[in-house]
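Values in this text are rule-based calculations from the coordinates and carry no lab data. Predicted, not measured: the structure shown is a model, and the values here were computed from it. When we count neighbours, we look across all protein chains shown, and the Cβ atoms used for this are built from the backbone with ideal geometry, even at glycine.
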Amino acid sequence: MAARMRLAGTSLAALLLLAGCAAFQAPEPVTVNLAGVEALEGEGLELRMLVKLRVQNPNDAPLDFNGLSLQMDVRDKRFATGVSDAAGTIPRFGETIVAVPVSISMIHIYEITGRFGGAPFGAARFSSKGELTLPAELFGGGK
């Protein structure tokens with residue numbers, strides 16, 4: 001009888017351990033796409049833009065964030081950087097737009113990487129690659 005009780009206790013402990021591990025699985029990374037770009041006033045040789053990111057949360061839990069930093073790379077070279085003290089929540093299986101002011105140089109291919117601060121168990125990181133065609137008005141080529 002005691003052996004059965006020990007076996008049942010060991011089996012229950014193993015089951016609880018497995019259930020606990022399943023509950024702490026790493027979340028899926030958020031998806032971040034470039035949703036828009038607006039010109040901002042710059043200083044001297046600096047070009048400033050407001051980058052709007054569409055952030056999609058593919059997880060079954062909301063993602064709370066407090067602050068955001070990003071870098072945009074072009075051909076493996078730094079293109080733009082920006083930070084924002086924006087705070088908010090991306091709903092479970094939901095999306096939101098986050099705006100970040102950036103300082104940039106002028107080129108047409110991008111890679112965005114960054115992180116949202118304040119997420120449970122550390123920061124939520126993201127990356128995105130694509131092509132960026134900037135309007136001529138941003139560079140004084142418009143009317």
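Can you list which of the trypsin sites (Lys or Arg not before Pro) found in the range 32-130 are DSSP loop residues with at most 15 other C-beta atoms within 10 Å?
ARG75, ARG92
Find, among the GluC sites (Glu not before Pro) in the range 20-96, those assigned to loop by DSSP (not H, G, I, E, B) with at most 11 other beta-carbon atoms within 10 angstrom.
Counting only loop positions with at most 11 other Cβ atoms within 10 Å, the GluC sites (Glu not before Pro) in the range 20-96 are GLU41, GLU43, GLU46.
Under the 0.36 nm per residue contour assumption, what length would be gained going from the current alpha-carbon distance of GLN71 and GLU95 to full extension?
Numbers: separation 24, 0.36 × 24 = 8.64 nm, distance 2.08 nm.
The GLN71-GLU95 span can extend by a further 6.6 nm.
If R₀ is 22 angstrom, what is the calculated FRET efficiency for the pair LYS129 and LEU50, using the beta carbon separation as r and rounding to 0.05?
Values: r = 21 Å, r/R0 = 0.93.
The pair LYS129/LEU50 has a calculated efficiency of 0.60.
Once you have all Cα-Cα distances for the range 38-111, histogram them in 10 Å bins from zero and send the whole-percent values.
Values per bin, smallest distances first: 19, 42, 29, 9, 1.
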